[in-house]
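Here the structure is laid out as structure tokens; the discussion comes afterwards.
The values are calculated or read from the model by the stated rules, or taken from the named source; none is laboratory data. A quick note: this is a predicted structure, and the numbers were derived from the prediction, not measured. Reconstructed Cβ throughout: ideal geometry from the backbone, glycine too, with neighbour counts over all protein chains shown.
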């Protein structure tokens, strides 16, 4: 019984630390703010890497990506034009974005495979950037 008493304080401290980390993630969730990063739009994928640029995105883990919910302010038909069904892969469109919006923590995206989502409230800047057609985050080698 005395050994159990020794673990209670350690367990309590562990639970407090875990709770603080979890709550800190929720504080940011849903708060409207200015967000920038790289959006990789592809077949059944909408990966938004907050803070990333085309030069830095490959240092991110795929789990770092959140699902970007398309906004009425983005013309998807124009973005996705030029796709040819005879292509050997689904092309990836890379878009540098800056917007006012929020990040929501929780199961998101196609088949619930993302752990967060981003919602655009006001699009501030959007620039399509060159990207190798078939290079998606699912194909990246770990660095």
Report summary line: Filtering region 111-139 down to residues that are surrounded by 15 or more Cβ atoms within 10 Å (Cβ to Cβ) and part of a helix (DSSP H, G or I) yields 137
Query - Residue ranges of strands (runs of 3 or more DSSP E) in region 1-104 with at least 2 members farther than 30 Å from residue 141 by Cα and modelled with pLDDT of 95 or more - result: 33-42
Query raised in the report: Inside region 98-129, can you point out the residues that are over 16 Å from residue 40 (Cα atoms), in contact (Cβ under 8 Å) with a residue 60 or more places away in the chain and under 11 Å from the mean Cα position of the chain (by Cα)?
Result: 103, 104, 105
